[in-house]
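Here the structure comes first, spelled out in structure tokens, and everything after it is commentary.
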Amino acid sequence: MLCNNNSTSPLRSFGSPWPDLNDGLFYNDLISTSSDSGLTLIHFYSSKYKNSAPLQGWLQRIHNGQIKIDGEVVKEPKAILRDGMELVYHRLPWREPDAPYLLQVLYEDDDMIALNKPPGLQVLPGGLFQQRTVLMQLQWRASKGSSSLAIQGSHPVPVHRLGRGTSGILLCAKTKVAKTSLAAYFADGTSLIGDSSNANMEQSKGRKISKIYRALVNGILNQDKIIIKQPIGTMRYPGVAKGLYVASPSGKPALSKVEVLERDSQLNQTLVQVEIESGRPHQIRIHLSFIGHPLLGDPLYDVGGQPMCFDSEHEDESFAEDGGYERPAKPVPGDCGYYLHAHQLVLSHPTKNEQVIKITAPLPSILRAQAETEELM
């Protein structure tokens with residue numbers, strides 16, 4: 001049975017405006033290993049959490065009284081840590097960068113909800129965005145008890161990610177059972193890419209989820225259809241603690257199927273549809289730039305699937321008002337400006353396997369083909 005979200009009725013929206021400041025964060029640590037016992041307070045934080053702040057930043061935080069040991073504020077950086085001590089670092093509230101907060105509901109039942117995420121909104125907490133996220137809006141909605149998210153046992157959480165600058169369909173589970181099933185759909189699709197055996201090719205045809213995106217790229221693609229199989233790995237990059245995802249021959253397998261929808265020779269750009277059978281981070285941005293056609297407006301990825309500017313030797317030790325690192329001067333993955341939209345999703349229902357659901361997110365005007373625009377008019 002096929003269930004389609006297409007309807008002439010307007011989409012429902014929800015969302016609460018963001019407070020001016022978030023609630024700050026508390027980080028807890030227990031000294032329980034011989035390697036930590038005997039360290040000074042400053043050595044512990046500046047080595048264990050060196051990605052959070054430079055040495056001088058951690059000194060500032062200690063002097064500000066932001067760290068407690070066994071419930072007492074300690075302002076002495078050279079205080080010696082002993083086995084069994086409980087440490088709490090309080091990251092003070094801050095104003096997060098501007099972000100939209102309204103979310104459209106594309107599909108919803110007792111097990112899951114599909115949202116139309118606007119560009120500029122982060123999915124999960126990370127970096128400067130700890131409150132202004134899709135996850136927080138889902139939690140606020142559930143706590144108000146105004147929807148089926150408030151039913152007993154609900155567990156509203158995104159089961160995959162979209163880049164902050166990417167718009168479109170974001171699938172979220174409302175129960176633990178649905179979360180397990182949906183997460184397996186995404187994981188299974190990615191795991192099959194690395195094996196070209198006939199058995200896995202047949203399994204790939206029977207995937208339980210299919211994802212189709214729209215993108216606008218620089219330049220004119222000559223071929224109507226392209227299959228990109230470039231592996232994706234990581235490299236050291238300033239401002240990205242776990243490494244930047246890039247095209248890499250030693251990376252993990254990834255597969256994207258690209259189809260040209262419209263060429264604009266006057267503006268030197270091409271509108272494409274992309275189906276991804278794996279889910280590597282920033283896969284579409286990397287793959288399209290790898291073949292020489294970066295997304296229009298992408299501030300990070302350049303031809304070849306590499307960052308536009310990179311200096312691995314330079315490390316900035318300056319720190320912001322809260323002691324943490326200043327925002328990187330170079331582009332980072334969360335920067336927006338490109339045109340990428342998760343347009344269609346077809347999946348087996350996570351608890352009703354006989355039901356197939358097709359979800360479509362309305363296209364931004366810039367990602368519509370001319371014929372589609374004329375049809376709407």
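In terms of the mean number of neighbouring beta-carbon atoms within 10 Å, the peptides 49-60, 168-179 order highest first as 168-179, 49-60.
Quick one: pull the percent of accessible area on the chain belonging to carbon and sulfur, 1.4 Å probe, ligands and nucleic acids left out. Working shown, then result.
Numbers: 9770 of 19010 Å².
Roughly 51 percent of what the probe reaches on the chain is carbon or sulfur.
What label, among (1) 183; (2) 124; (3) 172, belongs to volume of the Cα convex hull per residue in Å³ computed from the structure on display? Here the calculated entry is (1). Accessible area per residue for the stretch 100-142 is 31 Å², calculated with a 1.4 Å probe on protein heavy atoms, without ligands, DNA or RNA. Across the stretch 255-270, rounded Karplus estimates of 3J(HN,Hα) from the backbone phi angles (6.51 cos²θ - 1.76 cosθ + 1.60, θ = phi - 60°) give 9, 10, 10, 10, 10, 6, 9, 6, 10, 10, 5, 5, 8, 6, 8, 10 Hz, Gly and Pro being marked x.
Here is the link list: Lys117/Lys330; Lys179/Lys208; Lys68/Lys242; Lys75/Lys242; Lys174/Lys352. Which ones come out longer than 24 Å on Cα distance?
Working: Lys117/Lys330 26 Å; Lys179/Lys208 14 Å; Lys68/Lys242 28 Å; Lys75/Lys242 30 Å; Lys174/Lys352 15 Å.
Beyond 24 Å: Lys117/Lys330; Lys68/Lys242; Lys75/Lys242.
Taking all protein chains together and rolling a 1.4 Å probe, Ser143 ends up with roughly 90 Å² accessible.
Rounded to the nearest Hz, the phi-derived 3J(HN,Hα) couplings of the stretch 78-89 under the Karplus curve 6.51 cos²θ - 1.76 cosθ + 1.60 (θ = phi - 60°) are 9, 4, 8, 8, 10, 4, x, 5, 10, 10, 9, 9, where x marks glycine and proline.
Extending 7 Å from Cα along the Cβ direction at Asp224 and again at Glu275 yields two label points whose distance is 1.6 nm.
The values are calculated or read from the model by the stated rules, or taken from the named source; none is laboratory data. Note that the coordinates shown come from a computational prediction; the quantities given were computed from them, not determined experimentally. Cβ sites come from the backbone with ideal geometry, for glycine too, and all protein chains shown count toward neighbours. In case anyone asks, the SASA skips ligands and DNA or RNA and just uses the protein heavy atoms, side chains included. Shrake-Rupley method; radii C 1.70, N 1.55, O 1.52, S 1.80 Å.
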